[in-house]
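Structure first, then comments.
Quick note: the coordinates plus some simple rules give every number you see, no bench work behind them. Since the model is a prediction, treat every value here as computed from it, not as a measurement. Glycine gets a Cβ as well: all are built from the backbone with ideal geometry, and neighbour counts include every protein chain shown.
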Amino acid sequence: MANKTVIKRVNEHVGETVVIGSWVNNKRSSGKIQFLQLRDGTGYIQGVVVKSEVPEEVWEAAKSLTQESSLYVTGIIREEPRSQSGYEMTVTGIEILHLTENYPITPKEHGIDYLMDHRHLWLRSNKQRAILVIRAEIIRAIQQFFNESGFTKVDPPILTPTSAEGTTNLFHTKYFDEDAYLTQSGQLYMEAAAMALGRVYSFGPTFRAEKSKTRRHLIEFWMIEPEMAFTDHEESLRVQEEFISFIVQSVVQNCRAELETIGRDISKLENIKAPFPRITYDEAVKFLNDNGHEFTWGDDFGAPHETAIAEAHDKPVFITHYPASFKAFYMKPDPNRPEVVLCADMIAPEGYGEIIGGSQRIDDPELLQQRFEEHNLSMDAYKWYMDLRTYGTVPHSGFGLGLERTVAWICGLDHVRETIPFPRTLYRLYP
Ligand code: 4AD
Ligand code: MG
């Protein structure tokens, strides 16, 4: 067999005969020449089969190929400035692996439910592939950022005995004779880890049984949760803006072709550099009322409010100092104004909504005890968490980034369902 390679690396094989395992994306014929649009997951290349230059059986094999048939194609790599990739293959041999009949996804338009029912095949499309490549680059950049900033990766559990973010959207399961829940957030465990390792981050799946059918909600989504000992709210905000700038600029640098494939306006991303604007909850309330929204202090923002605030900025914006009343039990009150907490949500531009939620955590054992009582949380279940304050408590802060919302924003997609290979949404557990 000739030298086996992948489409992404044909530039290293100009003038050589190579073999590529591939699928037929599309095919054109002029009678004497067949043009095979081939894909192998790493890219696309055109294979040119010339009737007068190949044995009869190669010509016939090429003729029989259908959309999504699989094959080993052999040929000589040539530079071809007119092709998008810059290269082309002059085909000399074809070994058919499988001739596909009636591939369900044709070049015509399909509805979203049909595509989601065929998600396992839809992933092969150019755009879906590009999104998954960008998602992988975002994950790579996240890990690089934290590894280079002195964080240690720690893995919190998936099965948990208690809630971290309120009890209304827990996914219940049995744990032998006990009750258990799929994790909503690894935060409480990451606080324990920060007391052991200083700066830590987690990256894993989280679950919310939310009856929300919006373009921003998944039932199963991936979250990145850094936690930092000896770090106040202000320092945490600086980490967050550096972090997001780094991710976006990594994608701009390393995924230009994929961004072009999905039609993203790259100039909007190039502009995403720290520092990011900050407004307080109070200022946001005033802004909304000045701009035609009727909004009462003490209410939480909905999607239209977040979008209105985001539209006033061309970078992500932090909204800080929310009322304690509707935020999580563990957030530290502002010492100068205890009715608000030292927290921030980062709202992405262009209407993508909240991508980060974070806060400084309560470090005072008495206040934490009081919060447990106010929130009707059982002290037995959280005793271990109280221990973190009993034994060497320190100021600490952390945040959670939702991966899928970040991918949706960076890719400019109108729904999070395309940001994850197999989305779990309110009405979908298949495929
Ligand atoms: O704001 P949330 O609920 O914060 C926490 O869970 C904290 N414990 C994080 C921390 O401080 N360690 O969720 C964090 C982020 C949100 O900003 C959003 O990006 C994403 O997780 N998120 C969702 N993404 C998709 N579908 C859902 N149902 C989501 N819920 C939250
Ligand atoms: Mg939140």
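Here the extension length gained between ASN254 and ARG337 equals 25.4 nm, from 0.36 nm per residue of separation less the Cα-Cα distance.
Peptides 218-229, 334-345, 294-305, 262-273 ranked from most to least packed, by the mean per-residue count of other Cβ atoms within 10 Å: 218-229, 334-345, 262-273, 294-305. Taken over the C-alpha atoms, segment 218-374 has Rg and Dmax values of 17.2, 55 angstrom. Projecting the Cα atoms of LEU97, TYR44, GLY21 onto the charge dipole of segment 3-98 (Cβ charges, centred on the Cα centre) puts TYR44 farthest toward the positive pole. Under the membrane-span-like helix rule (DSSP H runs whose alpha carbons stretch at least 27 Å along the helix axis, mean Kyte-Doolittle hydropathy -1.0 or higher), the chain yields 126-148, 233-254.
Near the amide H of THR280, within less than 5 Å, lie the amide hydrogens of THR320, all on another chain or at least 5 residues away, with H placed in the peptide plane. The value of relative contact order for segment 3-98, using C-alpha pairs under 8 Å at least six residues apart, is 30 percent.
Computed about the Cα centre, the dipole magnitude for segment 119-419 is approximately 1180 debye when only Lys and Arg (+1) and Asp and Glu (-1) carry charge, each at its Cβ. The convex hull built on the alpha-carbon positions of the chain has an orientation-averaged projected area of 25.3 nm². Modelled this way, with points 7 Å down the Cα-to-C-beta line, the labels at LEU197 and SER325 are 3.9 nm from one another. Full extension of the segment from ARG82 to SER64, taken as 0.36 nm per residue of separation minus the current Cα-Cα distance, would add 3.8 nm. Once the Kirkwood radius over Cα pairs is known for segment 3-98, the Stokes-Einstein relation at 37 °C and 0.692 mPa s delivers a diffusion coefficient of 254 µm²/s. Toward the positive end of the charge dipole of the chain, with +1 on the Cβ of Lys and Arg and -1 on the Cβ of Asp and Glu, the farthest Cα among PHE203, ILE131, SER236 is that of ILE131.
Between ALA303 and THR106, residue separation times 0.36 nm minus the direct Cα-Cα distance comes to 67.4 nm.
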